[in-house]
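Engineer: Structure incoming, see below.
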Amino acid sequence: MSIDRTNWSFGSHHYNILTVGIVLEGGAIPILGVDAQEEKKGNSNSDERMRFIEEMLKIFPSAEIRCLCGDRELIGQVWLRYLLLEPLLAFCLRIRATDKIEYNGKKYNLDNFLGG
């Protein structure tokens, strides 16, 4: 399953759409979406994403989700903590090589682990 956000404009109307889709053969088929604050341009926040996932799990209670995949715009400490505590969701998030990770109370530049 994928989670993504996109901005669409039609005339003077702007849509900031957060969506989840079923990943199939290299593409994703959207199954649920929400306008994440019509006037907002930019990334969705952690609270919006958590409410969206909770709503999706209510609509599809018997869904067998192998992994929730998201792009690097869908990051944040609160969001990651939620994903780590949600027992139903394995996840894979793309992150920037310049991002920092915390391990055993110390912060490291990710590019140190990637040979950067």
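Engineer: List, please: which pairs have Cβ atoms under 8 Å, are six or more places apart or on different chains, and start with a residue in segment 58-76 that is more than 14 Å from S2 (Cβ to Cβ) and end with one that is assigned to a loop (DSSP other than H, G, I, E, B)?
Structural biologist: Partner pairs satisfying both residue conditions: I75/I95; I75/D99; G76/N45.
Engineer: I'd like the residue in segment 68-81 that is modelled with pLDDT under 90 and not charged (D, E, K, R) and, out of all such residues, is nearest to P30 (Cα to Cα). Before you say what the answer is, go through the steps one by one.
Structural biologist: The initial filter retains those residues of segment 68-81 that are modelled with pLDDT under 90, namely 71-81.
Those left that are additionally not charged (D, E, K, R): 74-80.
On the way: L74: 17, I75: 20, G76: 23, Q77: 26, V78: 25, W79: 21, L80: 23 Å.
This residue is L74.
Engineer: Identify the residue in segment 86-116 that is at pLDDT 85 or above and either touching a Phe, Trp or Tyr at 6+ places or on another chain (Cβ under 6 Å) or hydrophobic (A, V, I, L, M, F, W, C) (or both) and, among all such residues, is surrounded by the fewest Cβ atoms within 10 Å (Cβ to Cβ). Break it down into steps so the answer makes sense when it comes.
Structural biologist: Taking segment 86-116 as the starting set, the residues that turn out to be at pLDDT 85 or above are 90-94, 104-107.
When the remaining residues are screened for being either touching a Phe, Trp or Tyr at 6+ places or on another chain (Cβ under 6 Å) or hydrophobic (A, V, I, L, M, F, W, C) (or both), the result is 90-93.
Numbers: A90: 13, F91: 18, C92: 9, L93: 16.
Filtering first and then ranking leaves C92.
Engineer: Anything in segment 1-29 that is among the hydrophobic types (A, V, I, L, M, F, W, C), farther than 16 Å from R66 by Cα and surrounded by fewer than 10 Cβ atoms within 10 Å (Cβ to Cβ)? List them, or say none. Explain how you work it out, then say what you get.
Structural biologist: Of the residues in segment 1-29, the ones among the hydrophobic types (A, V, I, L, M, F, W, C) are 1, 3, 8, 10, 17-18, 20, 22-24, 28-29.
With the extra rule that they be farther than 16 Å from R66 by Cα, the set shrinks to 8, 10, 17-18.
If the condition is that a residue be among the hydrophobic types (A, V, I, L, M, F, W, C), farther than 16 Å from R66 by Cα and surrounded by fewer than 10 Cβ atoms within 10 Å (Cβ to Cβ), then F10 is the only one that fits.
Engineer: From the list I65, I3, which residue is within 30 Å of K100 (Cβ to Cβ) and assigned to a loop (DSSP other than H, G, I, E, B)? Step through it out loud before you land on a result.
Structural biologist: Values: I3 fails: assigned to a loop (DSSP other than H, G, I, E, B).
None of the others qualify; the one that does is I65.
Engineer: Going residue by residue through segment 44-61, is there one that turns out to be aliphatic (A, V, I, L, M), surrounded by fewer than 15 Cβ atoms within 10 Å (Cβ to Cβ), in a helix (DSSP H, G or I) and touching a strand residue (DSSP E or B) at 6+ places or on another chain (Cβ under 8 Å)?
Structural biologist: Among the residues of segment 44-61, at least one is aliphatic (A, V, I, L, M), surrounded by fewer than 15 Cβ atoms within 10 Å (Cβ to Cβ), in a helix (DSSP H, G or I) and touching a strand residue (DSSP E or B) at 6+ places or on another chain (Cβ under 8 Å), which makes the answer yes.
Engineer: Every residue in segment 65-79 that is surrounded by fewer than 16 Cβ atoms within 10 Å (Cβ to Cβ) and more than 10 Å from the chain's Cα centre (by Cα), please.
Structural biologist: Result: R66, C67, Q77, V78.
Engineer: Out of the residues in segment 1-42 that are under 18 Å from the mean Cα position of the chain (by Cα), of a type in the set (S, T, N, Q) and at pLDDT below 90, which is nearest to F91 (Cα to Cα)?
Structural biologist: T6
The values are calculated or read from the model by the stated rules, or taken from the named source; none is laboratory data. Computed from a predicted model, the values in this text were never measured in an experiment. Virtual Cβ from ideal backbone geometry, glycine too; neighbours counted across all protein chains shown.
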